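Peer 1: Pasting a structure below so you can have a look.
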Amino acid sequence: MTAPKDQAPGEDGTPPGDGTPQGRESSPEAADTTAASGGAPAAVAPGTNADGTAATATARTAKSTRGLTPPSWLSLTFLLPALLLLGFLVMYPIVFSVVRSFFGADGHSFAGVDNYTGIFKGHDNLVTVRNTAIWVVVAPTLVTVLGLIFAVLTERIRWSTAFKLVVFMPMAVSFLASGVIFRLVYEQDPNMGVANAAVVAVHDTFQPGAGYPGAGPRTGNDALGTQQGDGTIVSSRQYAPGQSALLPLLRIKPEDLPTKPVQAVQPPAAKPGELTGAVWFDFTKGGGGNPNQPNAGESGLPRIKVEAVRDGKVVGKATTRDDGTFTMKKVKGDGPVTLRLPKSNFTASYGGAQWLGNTLITPAIIGSYLWVWSGFAMVLIAAGLAAIPRDALEAARVDGATEWQVFRRVTIPLLAPVLTVVLVTMVINVLKVFDLVFIIGGGDPHASVLALQMWVESFGGGNDPGKGSAIAVLLFLLVVPAMLFNIRRMRRERA
């Protein structure tokens, strides 16, 4: 039977085709349309996925992916050498040090926590703990601040690359060599130590030294002066205004004489009411000459203070010239006076600070540490500055902020993560500082820190590995919080 002419094929619900089952199968597009229109989901044919792809291909892909992942036993096989090496070099020493710290020097007698409590007993041990605390608080802070200053300067000066090179160069020098360098820098003798040479130069600029240590008058019956117990020299006779005095000195070292000596001469004639005189080195090379008289080749002694004393009171003052002569233009009162050369004339000239003394040795060593590590901090902070969005800085300037406000309210907050990294890294580093303290301090207990004390107790003559192990464990426990802080910060940044 044929369909009516006015009825299109398929209008009676029969799908177009030849009536076979293949012709009655619905296409994937039709199934999707049915599901989208709210009808019942189309049945998934066996051997196919929901999207119509062949399940065999998916299984084959998953199997090939699993084949690329090595089995766990193979991974452990490759990691085993590294794990063994790590355990031998790191874990075993830590465990052994912890165990050893509970035993005495012989390694057999159990000491308990005595080795730990002993760290905080005794004057030298307390000085060591105090110095370590000073290092942890002061050194990282100063390194971070200097690194920040240098990093900011490199953005504002010409030849910034050369500046960075100079500041970072100490990092290329070994800490042993750095210690030797600063040991020479802090030498007490200004002729050898750079630090004291600079200090003495500045001091002598404002207060020139005139010391003639060890100088004294001639002894015997013809002596014109006597030296008291404190070093003060007084004239053997008294002088009235209008007279001249001669005060020769002996026992002066050649290095204490003026660099450019001036020939000693007779004092000028005194006017009424004045008192004149001469102070000189009464020694003629090769012998000869008249004692107590300025002779050819004898040097005047400049910058010596002279006082006129009457009844215990100073009534006149003067200072010698380059040729050793002096003039007191006004002497108070009437009557003879005794001339006095105060003891300050015969004390040694200012020789600079005692950098390696008990008071300044720890700050001096921290100064050398800053010289070495400031370049490291500068490089890290400069990288952080380069990563700061310039739009934020320009926006703050447009809003009327000054450069200091931009630096304090914009730059510093944006640099806080980098500054924290530098600070924590330096804290960990100073807890382990050893070489600079050992070389510059030279074993001085006033400069000792825990890392150096650990070496001294174990290998440097203490012969007590138990105490050394206890100090090592304490240092490890002090480093752990800083390490955990760094790990937490890095995890937060990754999140």
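Peer 1: Determine whether THR154 is over 15 Å from VAL372 (Cα atoms), surrounded by 13 or more Cβ atoms within 10 Å (Cβ to Cβ) and in contact (Cβ under 8 Å) with a residue 40 or more places away in the chain.
Peer 2: yes
Peer 1: In addition: Hey, does the stretch 191-213 have a residue that's surrounded by 13 or more Cβ atoms within 10 Å (Cβ to Cβ), over 31 Å from the mean Cα position of the chain (by Cα) and at pLDDT 85 or above?
Peer 2: Checked the stretch 191-213: at least one residue is surrounded by 13 or more Cβ atoms within 10 Å (Cβ to Cβ), over 31 Å from the mean Cα position of the chain (by Cα) and at pLDDT 85 or above.
Peer 1: Within the stretch 306-362, how many residues are of a type in the set (A, V, I, L, M), farther than 30 Å from ILE440 by Cα and at pLDDT 90 or above?
Peer 2: 10
Peer 1: Related question: So which helices (runs of 4 or more DSSP H) stay within the stretch 113-220 end to end and still have 3 or more residues that are within 30 Å of LEU250 (Cα to Cα) and outside the structural domain of SER374 (by TED's automatic domain parsing)?
Peer 2: 194-206
Peer 1: Step by step: first the residues of the stretch 115-127, then only those that are touching a residue at least 60 places away in the same chain (Cβ under 8 Å) and closer than 24 Å to VAL99 by Cβ, then the one that is nearest to the chain's Cα centre (by Cα). Which residue is that?
Peer 2: ASN125
Peer 1: Can you pull out every residue in the stretch 221-241 that is at pLDDT 90 or above and in a loop (DSSP other than H, G, I, E, B)?
Peer 2: Within the stretch 221-241, THR232, ALA240 qualify.
Peer 1: Right, another one. In the stretch 370-417, what residues are of a type outside the set (A, V, I, L, M) and under 25 Å from the mean Cα position of the chain (by Cα)?
Peer 2: Taking the stretch 370-417 and keeping what is of a type outside the set (A, V, I, L, M), we get 371, 373-376, 384, 389-391, 394, 397, 399-400, 402-405, 407-409, 411, 413, 417.
TRP371, TRP373, SER374, GLY375, PHE376, GLY384, PHE407, ARG408, THR411, PRO413, PRO417, listed by residue number.
Peer 1: Taking the conditions exactly as written (crowded, with 20+ Cβ neighbours inside 10 Å and more than 17 Å from ALA245 (Cα to Cα)), does PHE283 satisfy them or not?
Peer 2: When the stated conditions are applied, PHE283 does not pass them.
Peer 1: Inspect the stretch 472-489 for any residue being farther than 27 Å from GLY107 by Cα, of a type in the set (Phe, Trp, Tyr) and assigned to a helix (DSSP H, G or I) and give the result as yes or no.
Peer 2: From the stretch 472-489, those farther than 27 Å from GLY107 by Cα are 481-489; that's our starting set.
Narrowing further to those that are of a type in the set (Phe, Trp, Tyr): 485.
Those still in the list that are assigned to a helix (DSSP H, G or I) too: 485.
For the stretch 472-489, residues farther than 27 Å from GLY107 by Cα, of a type in the set (Phe, Trp, Tyr) and assigned to a helix (DSSP H, G or I): present.
Peer 1: Follow-up. Out of the stretch 220-231, which residues are surrounded by 15 or more Cβ atoms within 10 Å (Cβ to Cβ) and either of a type in the set (D, E, K, R) or under 11 Å from LEU339 (Cβ atoms) (or both)?
Peer 2: Within the stretch 220-231, LEU224, GLY225 meet the criteria.
Peer 1: For GLY286, are the conditions met, namely being at pLDDT below 95, farther than 17 Å from GLN238 by Cα and of a type outside the set (Lys, Arg)?
Peer 2: Yes.
Peer 1: Oh, and also: What pairs come out if I take residues in the stretch 292-318 that are of a type in the set (Ser, Thr, Tyr) and pair them with residues that are buried (at least 18 other Cβ atoms within 10 Å of the Cβ) and part of a strand (DSSP E or B) whose C-beta lies under 9 Å away, six or more apart or interchain?
Peer 2: Qualifying pairs under 9 Å: SER299/TRP280; SER299/PHE281.
Peer 1: Restricting to the stretch 470-480, and then to whatever is more than 22 Å from the chain's Cα centre (by Cα) and either free of Cβ contacts under 8 Å to residues at least 60 places away in the same chain or closer than 15 Å to ASN125 by Cα (or both), can you tell me which residue is surrounded by the fewest Cβ atoms within 10 Å (Cβ to Cβ)?
Peer 2: LEU477
The values are calculated or read from the model by the stated rules, or taken from the named source; none is laboratory data. Please read these numbers as outputs of a predicted model, since none were measured by experiment. Positions of Cβ are generated from backbone atoms using ideal geometry, with glycine treated the same way; all protein chains shown enter the neighbour counts.
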